[in-house]
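Engineer: Structure provided below as structure tokens; questions to follow.
The values are calculated or read from the model by the stated rules, or taken from the named source; none is laboratory data. Not measured: the values here are computed from a predicted model. Neighbour counts are summed over all protein chains in view; Cβ atoms, including those assigned to glycine, are modelled from backbone coordinates with ideal geometry. These accessible areas exclude ligands, DNA and RNA; they are computed on the full protein's heavy atoms, side chains included. Shrake-Rupley method; radii C 1.70, N 1.55, O 1.52, S 1.80 Å.
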Amino acid sequence: MSDFCKVPEKFQWFRDAKYGVFIHWGPYARYERGEQVLFREHLNQREYEENARQWNPKNFDADAWADVFARAGFQYACLTTRHHDGYCLWNTKTTDYNSMVQTAGRDLVREYTEAVRKRGLRVGLYYSWCDWRQPVYYEGPGKNPEGFEKVKRMIWEQLDELMTNYGKIDYLFFDGTWPRYGDEIGTEEIVAHIRTLQPDILINNRLGFRGNQEEIDKFGGLEDEGDFGTPEQNVFPQDRMWESCQTSTWRWWGYTKNERYKSSDEILKLLCESVSKGGNMILNVGPKPDGTLPEEFTERALAVGKWLNTYGEAIYGTDGGDLTEFATCGYQTMKGNNLYLIFSIWNGSPVLRLPDMTSRAAEAVLMGRKERLTVEQKGTTLYIGGLPEDAGEPLFPVIKIQFAERPGTTSWGKERQWQGDPMRIARWARGEETGNF
Ligand code: GLC
């Protein structure tokens, strides 16, 4: 999506941030089999609870996390304050099933919020509406109105604490309304209350409005819920702010022993794809039970961070840029009059041919290198010459092209093979469309 939709000034930081880190952490890490082990393996609730109470992440050092996050180039972070198991990572008065009162003896949310804020990242919290320990939640208000009121009150009070006791919270990620709807839980009232406590907060779209499942599957919630969309494990652009939620592993969000990790180029590809389509990506990590980050994650995140150090200009603050056909080489982003070509495939050809351009290019550089590239325009085709066979970049090389104006394209650039006018394609197939060659 190259056309930029307007967002309120207070949310511009999110539009520009592009890259966040999601942290799924809780006592489930002790099981080393993902965040949903309690339900997925139908464990005994009492035994899980006992185990959770004994969780003691003694090597958790929030500053060490924040240091890795900052060096990795993340602009915001989001920690699970309570996942579906109901265990709270903060000092809550609503239940003793929390990290302050139990063995951990620490307010993990406080340590986290202070550390990431200090390192200049925006502060986000995740909260699960559902709690697997509460059968009443699943039975619903019809069956047990009084019990359900209690569940609602607990949600209200917990969010009130989180929004009051931890300074400015920039971002809130709700999850897991199923099988309840927002009108049953009162998500609209809760959101209104939260906005009085944190006027600038961004709230995601998982608010349980009644709507069509297809939209929920695609966008992670309804298109008009909350402030931004959260497509999960896919990159699905929307006509508003959105972030693609991606695991750094193959499957689970919570720590999983011997899980497979996505490689740094896969992570970078997902980031570039999201950004080129006008969105953000939030990359997940599941810290270990002792509180340290898995080495596999740190290594890959820092490799991407190193890349961002050189090429960050092509990512942060850009406004998408799927400008013209570039699928055979990689991704594009735009900022002002600049077009950035991000090569997930560097084919070694000395000349790059960019079709369908209506704007004049002034100059082009291979970012991170000194040599100027040559720029030549013939009709609507732009030729960039002087490219080295080896771009000297193990991840994705980037060419920055400066134009005299905001770059634009012909209809061939705007409408690709599958969405253009079929008659035009027919003329081209007959050799009648010559303007582009
Ligand atoms: C899914 C998972 C949940 C995870 C969430 C993150 O809803 O079920 O465990 O927290 O995605 O977006």
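Engineer: Is the shape of the chain rounded, prolate or oblate, going by the alpha carbon gyration tensor and its root eigenvalues a ≥ b ≥ c, with a/c under 1.5 for rounded and a/b larger than b/c for prolate?
Structural biologist: prolate
Engineer: Mind ranking TYR331, TYR181 by accessible surface for me, highest first, 1.4 Å probe?
Structural biologist: So, going from the largest accessible area down, we get TYR181, TYR331.
Engineer: Okay, next question. Roll a 1.4 Å probe over the protein heavy atoms and report the accessible area of CYS78 in Å², nearest 10.
Structural biologist: Its heavy atoms expose roughly 0 Å² to the probe.
Engineer: Still on this model: Run the simple label-point estimate for LYS150 and GLU189 please: 7 Å along Cα→C-beta, distance reported in nm.
Structural biologist: 1.8
Engineer: Can you tell me the FRET efficiency between TRP418 and ARG360 if r is taken as the Cβ-Cβ distance and R0 is 30 Å, rounded to the nearest 0.05?
Structural biologist: It comes to 0.55.
Engineer: Residue separation times 0.36 nm, minus the C-alpha to C-alpha distance between LEU43 and ARG210: what's the value?
Structural biologist: Using 0.36 nm per residue and subtracting the Cα-Cα distance, I get 57.0 nm.
Engineer: Something else: For ASN337 and TRP250, FRET efficiency with R0 = 60 Å and r from the beta-carbon atoms, rounded to 0.05?
Structural biologist: My answer for the efficiency is 0.90.
Engineer: With a ≥ b ≥ c taken as the square roots of the eigenvalues of the C-alpha gyration tensor of region 376-437, please select rounded if a/c is under 1.5 and otherwise prolate if a/b is larger than b/c or oblate if it is not?
Structural biologist: Verdict is prolate for region 376-437.
Engineer: Roughly how many nanometres apart are two label points built 7 Å out from the Cα toward the Cβ at ASN91 and GLU295?
Structural biologist: 3.6
Engineer: Another question about this same structure. Which percent, nearest 5, of DSSP beta bridges in the chain are antiparallel?
Structural biologist: 50
Engineer: Search the structure for amide H atoms under 5 Å from the amide H of LYS168, placed 1.01 Å from N in the peptide plane, and list their residues when 5 or more places away or on another chain.
Structural biologist: The answer is none.
Engineer: Karplus couplings for region 408-418 from phi (6.51 cos²θ - 1.76 cosθ + 1.60, θ = phi - 60°), rounded to Hz, Gly and Pro as x?
Structural biologist: 3J(HN,Hα) across region 408-418, in whole Hz: x, 9, 6, 5, 5, x, 6, 10, 8, 3, 8.
Engineer: Rounded, prolate or oblate: pick one for region 312-361, where a ≥ b ≥ c are the square roots of the eigenvalues of its C-alpha gyration tensor, a/c under 1.5 means rounded, and failing that, prolate if a/b is larger than b/c, else oblate.
Structural biologist: It comes out oblate by the Cα gyration axes.
Engineer: Same structure, new question: Mind listing the phi-derived Karplus ³J(HN,Hα) values for region 324-332, rounded to whole Hz, using 6.51, -1.76 and 1.60 with θ = phi - 60°, and x for any glycine or proline?
Structural biologist: Taking θ as phi minus 60°, the curve returns 9, 4, 9, 4, 7, 10, x, 10, 10 Hz for region 324-332.
Engineer: Now, a different point. Considering only protein heavy atoms, what is the solvent-accessible area of PHE39 at a probe of 1.4 Å, reported in Å² to the nearest 10?
Structural biologist: That residue has around 110 Å² of solvent-accessible surface.
Engineer: If you don't mind, another one. Note the angle between two axes, namely the Cα long axis of helix 264-276 and the longest principal axis of the Cα atoms of the chain, as a number of degrees from 0 to 90, rounded to the nearest 10.
Structural biologist: 80
Engineer: Mark the label point 7 Å from the Cα of ASN59 along Cα→Cβ and return the residues of region 288-315 whose backbone N is within less than 16 Å of it.
Structural biologist: 288-299
Engineer: Say a paramagnetic label sat at a point 7 Å from the Cα of ARG406, along Cα to Cβ; which residues of region 313-353 have their backbone N under 20 Å from it?
Structural biologist: From region 313-353, the list is 314-325, 332-341.
Engineer: Report, by chain and number, residues whose modeled amide H sits under 5 Å from the one on ARG122, excluding near sequence neighbours (fewer than 5 apart, same chain).
Structural biologist: Answer set, sorted by chain and number: TYR76, ALA77.
Engineer: What net charge do the residues around ASN205 carry, taking every other residue with its C-beta under 9 Å from that of ASN205, with Lys and Arg at +1 and Asp and Glu at -1?
Structural biologist: -3
Engineer: Going highest first, how would you order 396-404, 380-388, 194-202 by mean Cβ packing within 10 Å?
Structural biologist: Final packing ranking: 396-404, 380-388, 194-202.
Engineer: May I pose another question? How far, in degrees from 0 to 90, does helix 108-118 lean away from the longest principal axis of the Cα atoms of the chain, to the nearest 10?
Structural biologist: So the helix axis and the longest Cα principal axis differ by about 30 degrees.
Engineer: Now for a different question. For the chain, the longest stretch holding no GluC sites (Glu not before Pro) located in a DSSP loop with at most 12 other Cβ atoms within 10 Å is which?
Structural biologist: The longest uninterrupted stretch comes out as 42-370.
Engineer: How far apart, in nm, are two points set 7 Å out from the Cα along the Cα-to-Cβ line at LYS10 and at THR381?
Structural biologist: Using points 7 Å along Cα→Cβ, the separation is 5.2 nm.
Engineer: What residues have an amide H closer than 5 Å to that of CYS88, excluding those fewer than 5 places away on the same chain, when H is modeled at 1.01 Å from N in the peptide plane?
Structural biologist: Those qualifying (amide H under 5 Å, at least 5 residues apart or on another chain) are ASN98, SER99.
Engineer: Moving on to the next point. Residue by residue through region 177-186, which ³J(HN,Hα) values in whole Hz follow from phi under the Karplus form 6.51 cos²θ - 1.76 cosθ + 1.60 (θ = phi - 60°), with glycine and proline marked x?
Structural biologist: Result, ordered by residue: 6, 3, x, 8, 9, x, 5, 6, 7, x Hz.
Engineer: Expressed in nm to one decimal, what extension gain is obtained for the pair LYS370 and ASP239 from 0.36 nm per residue of sequence separation less their Cα-Cα distance?
Structural biologist: 43.3 nm
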